[in-house]
Amino acid sequence: MDRNQITKWLKSPAKMANKYSLHAVYFCTGCGIIEVPPSITARWDAERFGIIPVATPRQGNLFLITGYVSVKTLRAIIRTYEQMPEPKYVIGFGSCPINGGMYWDSYNTINHLDKYIPVDGWIAGCMPRPEAIFIGVTHLWTLIDKGMADGYIKYREYYGAYRRNQEMVLGKLEWPPLFPLTDDPRGDEQ
Amino acid sequence: MSKSIKEALESTFRDVQVSFREDNRMAVTAENESVLPILRFLKDAGFDHLSLISVVDWIEDNLFELCYFLTPYMQNDDEYTDRQKLHIILKTPLPRDEPRFKTVIGLFPNAEPYEREIHEFFGIDFEGHPRLTPLLLERDYEVPPFRKDFDTRKYVAELLDSVPPIETKKK
Amino acid sequence: MRELELYFGPQHLGMVGNFSITLKVEGDRILEAAANPGYLHRGFEKLMEYRTWIQNFPLVCRVNVIEPDHIEMIYAMAVEKLAQIEVPERAHFVRSIYLELARVGSHLFGLWAYANMLGFDTVAQWAMYHRDLVLDLFEELTGGRVYHIYIWPGGVRRDFPPGFTDRIVHTLHSIGGCVPDYNSTFFDNRLFYERAKGIGQLTQQQAKEWGATGQTLRATGMKYDIRKVEPYAAYDKVDWEVPTRKDGDAYSRILVIRDEMIESVHMIFKLLDAMPEGPVYTRMPNPFKWKVPKGEAYVRCESSRGELGLYLVSNGGDKPYRVHFRTPSYPHGLIVLEKLLRNASIADVGNIMISLYVVAPEIDR
C-alpha cells in the first residue's frame, strides 16, 4: 500500500472499503458465466481483487451481466438489480449486452442493456478472457475513486424513464415501483 | 435388415412412401391418420427411441411437414448391430392454416416437451396434450416465431430498436 | 401440511446456469416439479436461416458454451453430407483428438460443478485448474479459449502446430498424474458415497422411456454411445471401451464421467499414434457464392452429455432452410429431471440436476 492509498483511506474510508470488497451476485445470466469459474478459482483467483461471489442480491454490490440478455432474463435481472443495496455497480460482460453482438437480429434478446438498467462499465469481447475481467474491475475502481460509477444514482434519478423502457419490452411489470414515479418520464427537471 | 422394415411397412400400410438412402436414413411419408399406427408398429418393431420431433415450414406449398425421428436403442447392453444405425424419419403434411394433430405422448412419453415447443414456435395444436403452456418464450408473438412469415429483423427493428436511450442532463 | 409453490432459480445458489424450476412442495418433500426454461433462448434455428452456410459456423458453436466443439462438428457433418464433401483421412483423426480434448475439458467442468455442489471445494479448484490446462491447448491450436470454430466443412481450419502433439501428451500426463489424488479425495471418499448414492435413481426401462442418452443411460448399464453405434470421424479406427455402471443413480453417473475422461485420454494417445500424414482440409468453393444442393440430412454424434443430433434441410439456396438441434440436455432437463424430482427433497434439487449434467443453453437454444 503506497502513501497515496493511505491518504485515500483516511479521506473516505467507506469508498475505499467499497472499492476493495466487490461482492458479485451469483447469477449466471448468459454464456459469459463460463469464464467466471476460472476467474474465481485457483489459477486467476479473483479474491486478489476483492471479488467474491455471494448467494443473494441483498449481499452483493457488483452485478456482472455475463453475456446476452434474453427478454425472460431481463425480468430477472431487473428484479435482482432492484434488490441490491446501494451503492451498486453493474458491469456488462461480453459484446452482447453492449449492442446485441452475434444476436443483434434475434427476436428474444435485447440489444442495448443500458436502456433498461444503468451500466457502469463494459468488458468487450466474446469471450473476454479472465484478465479482461480484472482490467474491467480495476477500471471500475478508478471510476469509483472519481465518483463516476454513479449508475445507481442515475437509476434513482431517471427511474421513470427506465421503468418506461422496461415496460415497453416486458409489458406491465407486476411489482410496485422502487422509487416514486413522476409524471415526466425523464425524471425531475429541477 | 432395413429392406425388411421397408417391405413390412409397405405391405401393412397403404399410402405410404418409403425411400431408403445409403446413409442409414429411411424417409417414410404417410397420411395424417396412419401416423399413430405406424409409430406403434415401429415401436413394436424395436424402434423405441424417439429422438426428435421437428417441423419444416414449406410456405410455398402452404404446408407444415411434421417429422418424427425414430431409432432403436440397443437390445442387449453390449452388442452393436447394424440395426442401431438405422434412423427412420416419419413425415406427415399438415395444412398451414389451423394446423392440428394428435399427441403421441401415450406412445412416447418423451414427446411432451417437443410438442410443447412446436406448439409455441409453429402454432400447431396437439389434441390430448396435458399442458400446452408457453415453454421458452416470454412475450406473445402474433405470428409464431419459427414460421417463415415471421421476420425477426423487422420485429427487432420495430420493437427493440424503438426503445429510446435514457436521456441524461449534462452536468 | 400445506402445499405451496416454490420458485427455484434462476438466481439461486443451488442452480448452475440460467434455469429455473417451479416446485410444488409439502414441507420438504417435492410433490411436483415443472421445469421453466427459456432464460437463454436466442432463437438459433431462426437466426441460422438468415445467415449463409459459412456465416453460421461462428453462430452454431454458441449453442452449448461448455463444449462448443461437438456442435461445430455436427453442423460440419451435416453440411458435408448435404454437399457431399470428402474429408481427408488425417482430418478425421485431428477432429477426433480435438473432440476428445473437448470432452475431457467439459467433464472437468462438470466435475467442478458437482464437487462444488457437494461441498468438495479442493476438488473443484483442481478440476477447474486442469480444465484451464486443456483450454491452453485449445488456445494454442485455435486462438480462442472458449469458442474455437476449428472444424470446417471438408476438414479442420489448420493442422497441428509443430510440437503440439508433445504438448498434448505432456498436458494429459500432468492431468492423469492427479487421478490418484482425485480418487482419494473425491471418488473413493466415503463422504462422496454418502452424498451421492441413491440420489436421483432411475432404471434402464425408465431411462429408455424418457429418451435419456449419454451418462444417464450408460449409468444404467447400456453401452449406448453414438461413437460406437454409428461411428464418425476416426472413432472406428482405434480400440476403446464404453464405461458403464449398473445402478443409475448420481453416484454411478459421476463415476461414468470419470471413467469416460480416463478412456478419452487413452483414446487420444492411441489416435496420436495412429494418425496418418497428409492434408487436413479439402479446398472449399467461394463461401460467398456457395450453394448447398437441395436435400435433408439428419446426423448425430456423441457429445459429452449424450446424443446430439442435427436436422438440416436445404432448398438449394445459399442459406439453410430449416435447422433443428436435438440436444441431449433437452430430454434430460425437461423430462428426466421433472420425473426424478418427484418425492425428492428440496436439498437434492441441485444434486440431481447437476448429476444429470443439464446445461441450460442447450435446452433453450
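Summary table below
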read-out	value
Cα convex hull volume per residue for the protein assembly as shown (Å³)	178 Å³
DSSP bridge pairs, the protein assembly as shown: antiparallel proportion in percent, nearest 5	75 percent
Helix-only mean residue ellipticity at 222 nm for chain C, each DSSP H run of n ≥ 4 adding -39500 (n - 2.57), per residue, nearest 500	-13000 deg cm²/dmol
Loop GluC sites (Glu not before Pro), the stretch B:68-171, which have at most 16 other Cβ atoms in a 10 Å radius of their Cβ (DSSP)	B:Glu79, B:Glu142, B:Glu167
Entries in A:Lys115/C:Lys46; A:Lys154/C:Lys24; C:Lys223/C:Lys319 that, when Cα-Cα distance is taken, lie over 31 Å	A:Lys154/C:Lys24; C:Lys223/C:Lys319
For A:Leu74, net neighbour charge (Lys/Arg +1, Asp/Glu -1) across residues whose Cβ lies under 12 Å away	+3
Rounded to 5, percent antiparallel among DSSP beta bridges of the stretch A:14-158	15 percent
Other protein chain Cβ atoms within 10 Å, averaged over every residue that makes up C:309-320	2
Total formal charge among the other residues, if their Cβ is under 12 angstrom from that of B:Asp23, Lys/Arg +1 and Asp/Glu -1	+1
Given charges at Cβ of Lys, Arg, Asp, Glu: the stretch C:157-200 dipole, positive-most of C:Ile199, C:Leu172, C:Asn189	C:Ile199
DSSP bridge orientation in chain B - percent antiparallel, rounded to nearest 5	70 percent
Within-15-Å neighbourhood charge of C:Gly278 [Cβ basis; K, R +1; D, E -1]	+1
Kirkwood Rh in Å, taken over all unlike Cα pairs in chain C	21.2 Å
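Read the figures in this text as sums done on the coordinates, not as results from a lab. Everything numeric in this text was worked out from a predicted model, so none of it was measured. Ideal geometry is used to build each Cβ from the backbone, glycine not excepted, and the neighbour counts take in all protein chains shown.
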